[in-house]
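**Student:** Submitted below is the structure of interest, expressed as structure tokens.
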Amino acid sequence: MSTELFSLAGRTALVTGSSRGLGRAIAEGLGRAGARIVLNGVSLERLEAAAAELRAAGLDVLTSAFDVTDEPAVMAAFEGFDAAGLAIDILVNNAGIQFRKPMLELETADWRRVIDTNLTSAFLVGREAARRMVPRGEGKVVNIGSLTSELARATVAPYTVAKGGIKMLTRAMAAEWGEKGVQANAIAPGYMLTDMNAALVSDAAFDGWVKGRTPARRWGRPDELVGAAIFLSSAASGYVNGQTLFVDGGMSVVL
Ligand code: NDP
């Protein structure tokens with residue numbers, strides 16, 4: 001099989017929430033496959049630090065700091081790309097937050113914050129990207145969902161609802177934009193070693209549960225999402241649309 005199928009040379013990829021964690025690993029992977037990468041996050045300090053490291057590794061890196069829940073900020077960022085003559089060919093909607101609290105104690109504001117950051121953000125950024133991809137007749141959207149789009153777990157209700165929404169948003173994007181040459185697919189990670197899970201990794205009971213429940217018998221590494229991200233961002237996935245690819249060490253398929 002030709003490696004050109006997986007080449008991203010000449011492409012520009014915006015990865016939201018790429019100052020650290022899964023987004024950063026995905027951005028680096030897309031960069032190594034040839035793409036110019038646009039890093040995003042809220043913390044300027046973390047964003048610039050990540051950009052400096054990836055530039056030092058020889059990658060073509062731009063930064064765009066904006067809050068993915070802030071509609072005017074999202075629109076302004078894309079207007080900035082337009083003004084700079086920068087066309088986003090690949091969008092990875094990755095930015096997200098986790099918040100653990102039983103529903104009986106959950107404030108409505110926290111529910112809204114989790115839904116906004118994990119789901120509405122993908123609509124907002126996806127819409128701005130697609131407004132430019134559709135007229136060009138091509139583009140790839142990769143939404144980062146979760147194993148929890150399928151399996152509910154106590155204390156993370158708005159998160160699982162948002163990730164279930166990501167699965168259907170991905171299908172809706174495919175349904176509306178497929179005939180325009182724009183594809184949308186999702187990656188659903190399992191339990192991965194990032195800041196988001198730092199407290200859980202150091203909780204021996206939770207750590208044991210993850211390892212016992214996952215056929216791989218371990219947590220996933222952020223770089224283990226790169227293959228799926230390159231596939232869904234490249235010509236290799238030319239006839240794949242609206243799908244969710246689970247990268248979870250097999251956790252979603254066993255009891
Ligand atoms: P991290 O907490 O490690 O990183 C989150 C990233 O998102 C940071 O770059 C952060 O930027 C950015 N971010 C958060 N809120 C916003 C916002 N409002 N606007 C812009 N950027 C924002 O998370 P992970 O890497 O673990 O998770 C990434 C994605 O993967 C999320 O969607 C998460 O739900 C999903 N996921 C994670 C799993 C895991 O096990 N880790 C499993 C399944 C899905 P900043 O540095 O500025 O705060």
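**Student:** What is the antiparallel percent of DSSP beta bridges lying wholly in the chain, to the nearest 5? Walk me through the intermediate numbers first.
**Tutor:** Values: 0 of 25 bridges.
So the antiparallel bridges amount to about 0 percent of the total.
**Student:** Using the Cα centre as the reference, give the magnitude of the dipole from point charges on the C-beta atoms of segment 83-235 (Lys, Arg: +1; Asp, Glu: -1; all else neutral), rounded to the nearest 20 debye. List each step's numbers first, then the result.
**Tutor:** Values: 19 positive and 15 negative charges, 43 e Å.
Roughly 200 debye, rounded to the nearest 20.
**Student:** Also: Determine the dipole magnitude for segment 41-167: charges of +1 sit on the beta-carbon of Lys and Arg, -1 on that of Asp and Glu, nothing else is charged, the reference point is the Cα centre, and the result goes in debye to the nearest 20.
**Tutor:** Numbers: 14 positive and 17 negative charges, 98 e Å.
With only Lys, Arg, Asp and Glu charged at Cβ, the dipole is about 480 debye.
**Student:** Using a Förster radius of 22 Å, what is the FRET efficiency between ALA65 and LEU86 based on their Cβ-Cβ separation? Nearest 0.05, please. Walk me through the intermediate numbers first.
**Tutor:** Working: r = 15 Å, r/R0 = 0.69.
So, using R0 = 22 Å, E works out to roughly 0.90.
**Student:** Taking neighbour counts of Cβ atoms within 10 Å as a proxy for exposure, in what order, fewest first, do THR160, THR16 appear?
**Tutor:** On the way: THR160 21, THR16 27.
Ascending Cβ contact count within 10 Å gives the list THR160, THR16.
**Student:** For segment 151-204, build the charge dipole from Cβ charges (+1 Lys, Arg; -1 Asp, Glu) around the Cα centre, then report which of MET196, VAL156, ALA172 sits farthest towards its positive end.
**Tutor:** Looking along the dipole axis, the top candidate is ALA172.
**Student:** Also: What is the distance, in nm, between label points placed 7 Å from the Cα along the Cα-to-Cβ direction at GLU4 and at LYS180?
**Tutor:** Calculated label separation equals 2.9 nm.
**Student:** Oh, and also: Can you compute the charge dipole magnitude of the chain about its Cα centre, using +1 on each Lys and Arg Cβ and -1 on each Asp and Glu Cβ, nothing else charged? Give it in debye, rounded to the nearest 20.
**Tutor:** The dipole of the chain has a size of about 560 debye.
**Student:** Okay, moving on. I'd like the FRET efficiency for ALA205 and VAL134, computed as 1/(1 + (r/R0)^6) with the beta carbon distance as r and R0 of 51 Å, rounded to 0.05.
**Tutor:** For R0 = 51 Å, the calculated efficiency reads 0.60.
**Student:** Pull up all non-local amide H partners of GLY139: gap of 5 or more, or a different chain, and H-to-H distance under 5 Å with H placed in the peptide plane.
**Tutor:** Residues meeting the amide H criterion: GLN183.
**Student:** How far, in nm, would the chain grow between VAL254 and ALA73 when pulled straight, counting 0.36 nm per residue and subtracting the alpha carbon separation? Mind dumping the intermediate values first?
**Tutor:** Values: separation 181, 0.36 × 181 = 65.16 nm, distance 4.17 nm.
Working it through step by step, the gained length comes to 61.0 nm.
**Student:** Next question. Amide H neighbours of ALA35 under 5 Å, at least 5 residues apart or on other chains, H built in the peptide plane: list them.
**Tutor:** LEU8
**Student:** Moving to a separate point now. Quick check: net charge around SER146, other residues with Cβ under 13 Å of its Cβ, Lys/Arg +1 and Asp/Glu -1?
**Tutor:** That sum, taken over residues with Cβ under 13 Å, equals +1.
**Student:** Convert each backbone phi in segment 222-232 into a coupling constant with the Karplus relation 6.51 cos²θ - 1.76 cosθ + 1.60 (shift: θ = phi - 60°), then list the ³J(HN,Hα) values in order as whole Hz, x for Gly and Pro.
**Tutor:** x, 5, 6, 8, 5, x, 5, 5, 5, 4, 6
**Student:** Follow-up question, since we're still on this one. If amide hydrogens are placed 1.01 Å from N in the peptide plane, which non-local residues have theirs closer than 5 Å to the one on MET192?
**Tutor:** The answer is GLY220.
Read-outs throughout are calculated quantities, based only on the coordinates presented, and are distinct from any laboratory measurement. None of the values given here were measured: they were computed from a predicted structure. Neighbour counts run over all protein chains shown; Cβ positions are idealised from the backbone, glycine included.
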